[in-house]
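Bear in mind these aren't lab numbers, they're just calculated from the coordinates by the rules spelled out. Everything quoted here is computed from the prediction, not taken from an experiment. Please note: Cβ atoms are built from the backbone with ideal geometry, for glycine as well, and neighbour counts cover all protein chains shown.
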């Protein structure tokens with residue numbers, strides 16, 4: 001974070017200058033707001049080799065969802081569902097970071113649990129369905145007596 005009277009592109013340099021590049025070996029692309037357009041893009045490319053893509057507002061009036069911005073907003077919404085992260089309760093940034101890791105771990109485990117349950121249900125339904133050959137090839141029936149489409 002930086003003071004409010006510092007332009008985004010200048011603050012980006014301050015924050016980027018303190019990054020340890022070895023901590024980010026897989027990072028190749030940054031999406032940035034229009035405030036980072038200009039010298040910041042060149043500086044990042046020269047220093048890190050990362051490409052910077054400025055998310056621009058689409059032409060035309062009215063409300064429009066900006067490309068890639070929704071990813072950030074969605075993530076903030078997920079984090080805001082956790083009581084400890086809904087307000088700025090933490091005194092240390094390290095505590096806040098730890099709670100973010102816990103919240104995202106909780107979210108991933110919930111999704112994995114749902115995926116595992118879905119796979120188990122799908123496997124169980126496939127195992128419990130047995131097709132019985134009938135004399136007419138146009139129709140076959142399961143043990144439950146429900147007609148199924150020919151294969």
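Directionally averaged projected area (the range 1-57, Cα convex hull): 4.1 nm². The length gained by stretching the chain between residue 57 and residue 98 to full extension, at 0.36 nm per residue less their Cα-Cα distance, is 11.4 nm. Considering only alpha-carbon pairs that sit under 8 angstrom and 6 or more positions apart, the relative contact order computed for the range 14-68 is 33 percent. Between residue 24 and residue 121, what is the FRET efficiency for a Förster distance of 41 Å, r being their Cβ-Cβ separation, to the nearest 0.05? So the FRET efficiency works out to roughly 0.55.
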